[in-house]
1. Net charge around Val388, counting only other residues with Cβ within less than 11 Å of its Cβ (Lys, Arg = +1; Asp, Glu = -1)?
2. Please give me the summed charge of the neighbours of Gly407: other residues whose Cβ is under 9 Å from its Cβ, Lys and Arg +1, Asp and Glu -1.
3. Find how many whole Å separate the alpha carbon centroid of the stretch 299-324 from the alpha carbon centroid of the stretch 80-110.
4. So which trypsin sites (Lys or Arg not before Pro) in the stretch 419-500 pass both tests, a DSSP loop state and at most 12 other Cβ atoms within 10 Å of the Cβ?
5. Determine the sum of side-chain charges near Trp202: Lys and Arg each +1, Asp and Glu each -1, restricted to other residues whose C-beta is under 15 angstrom from that of Trp202.
6. Could you give the Stokes-Einstein D for the stretch 451-498 in µm² per second, using the C-alpha Kirkwood radius, 10 °C, 1.306 mPa s?
7. On a straight-distance basis, which lysines could pair with Lys616 in a cross-link, Cα separation under 29 angstrom, same-chain partners fewer than 8 positions away excluded?
8. Hey, what number do you get for the chain at 222 nm if only DSSP H runs of n ≥ 4 count, each worth -39500 (n - 2.57), divided across all residues, to the nearest 500?
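Nothing in this text is a laboratory measurement; each read-out follows from the coordinates by a stated rule. For clarity, every value in this text was computed on a predicted model and none was experimentally measured. Cβ atoms come from the backbone with ideal geometry, glycine included; neighbour counts cover every protein chain shown.
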Amino acid sequence: MKTLKTLFPISLLAFALAGCSKPEAPAQSTVTAAQKSAEATQSLNESERLAAYFATMFEDDLKRSPMSQSYLGYKWDYDKWDDLTLTFQDEMAQIRRQRLEDLQGFDQTQLDDQEKLSLEIAKVDLQRRIANDEYRYHTYIMHQFRAFHTTVPSFLINIHRVESVKDAEDYISRLQGVQPLFSQVIEQLKKRQELGVYPPKWSYDQMIQASQNVISGNPFLESAEDSTIWKDFQSKVDNLDISNAEKSGLIANARTALQESVLPAYQALIAELVLQRELSPEGDGVWRLPDGEKWYDNRLNWFTTTDLDAEEVHNIGLENVDRIHKAMQDIMTQVSFEGTLQEFFEFMRTSEQFYYPSTDEGRERYMNEAKAFIDEMEAQIPLYFGLVPKARMEVKRVEAFREKSAGKAFYQSPSKDGSRPGRYYANLYNMKDMPIYQMEALAYHEGIPGHHMQRAIAQELEGIPEFQKYVSFTAYTEGWGLYTEELAKDMGFYRDPYSDFGRLAMELWRACRLVVDTGIHAKQWSREKAIEYLVENTPNPQNDAVKAIERYIAMPGQATAYMIGKLKIMELRENAMQELGEKFDIRGFHDEILKDGPVPLNILENKIKSWVESQK
């Protein structure tokens, strides 16, 4: 297989969700990081100036994002939502350009290796963001997989803690702010309408249905059931140690906000979605959009942090699908299955022994066993890692209002202060989409040693700038998650051959993603053709394939990051083992990967090469 090529400054980063010491005045500032640093750092050396610049840069970004503050556990602007206006985006684009210019002025000869690495990451971050700005309106502001219609309730339920009357009042303020927030979303939708950028027609029905789910039940309409947000607010207020009169007042104000802000906001959004559904052009991939080919090139660069083009990614996918199919045939031999691989896939899809029932008992059993896998794995972690996270982790079921359109599993980072644990969310809407034989690999990927290890450790690192802990390099983050699925095999897990088949099935799924994502967006495959490819080449059920393809259509290029990142980490580990022989230390290798936070694949490669030399 060809060695993956890496590219240094391509694409740009998503906003860095990071924590810092609480400033006295969290209001937004029009003063740039450079101006603040110049005023405060006249007598500092170059290392101190750089640290001050990074701290100011991070603090400025955090002040501009009330939602990011809440994700990290800060309550500075606890009553507000993020600014989605076109003007705000213009301001951020200008700030990034100025920051990149500022960073060019630091003298690297006066910096140590750690500082040089931080500076390099910061520059790549900004270069990627600036490159993305050319395609600002190509990204779907609304799609069925994840957008503000589901973000609002999930954020309020999972992120907005209510520990005081002030917190409850801030919750109400956020409810009152949903209408202006959705007005900004609609403004963004209209801007894309002007440019001819729409998600596919079929996705609108899912967005509309999910939106209607949020405003079903009390107090939006007379019902035997309370709406999801209404139930959450009442439950949180009920747990406060305040008088019944105070509780009644808060609940009455929340009811008013739900009826007078949230309800009309969702109604207006639904109306806009109904309108745009009729305007969306036929087809599924981004090739159907203006400059769609260039946009997809940008997405591949962004998500893989390489210069691989669509054809190369497609071929890497085909090559790995073939490799994993051969490994699966070995599992067939182990379990004495007679028949073709496709017949084995059908057996794994349909045999009741591989699925828990779609009942409360079946779902509870799945959750308990997933937690048990993580607990068993956690006990073995010190043998393979020196760095371990302090943050707790829990397994949680995806909430009912979003489970129909959400992915099968995902991870949410802990808060900076430890008040909220890391969470592995399992989507148990349809138990036929969650086979038992994949449970083990899924738990390792989303939990330990996967995303929880990488993201919680990054958040807790000391000695690096805060921004560096949260920059977004998807090939690194998701490549690590997929790598840990195979690492668990090396650690002695997957003792049941069907669970090992599940591990291979999960890896096969990521290999197929390279094929179908490029197929959809570069080769003009239809949604149906891509679904058919997954059904023919994987053991996953039909509905699993449908939801996956719909996700890849909504988030072009994102699905390619997993396998590309994993292949690079495996390549680096193999090279290190060959170079070091008996001196190779798996704990040291893993710590080197994790100790600087997320990085592009080429920087990761340089880090591991330096580590190997140091071990020699």
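1. Values: positive: Lys390, Arg587; negative: Glu378, Glu460, Asp591.
Spelling it out: positives minus negatives among the neighbours equals -1.
2. +4
3. 31 Å
4. In loop regions of the stretch 419-500 (DSSP not H, G, I, E or B), the sparsely surrounded trypsin sites (Lys or Arg not before Pro) are Arg495.
5. +2
6. Answer from the Stokes-Einstein relation: 128 µm²/s.
7. Result set, ordered by chain and number: Lys2, Lys5, Lys116, Lys469, Lys489, Lys566, Lys568, Lys583, Lys595, Lys607.
8. Per the formula, -19000 deg cm²/dmol.
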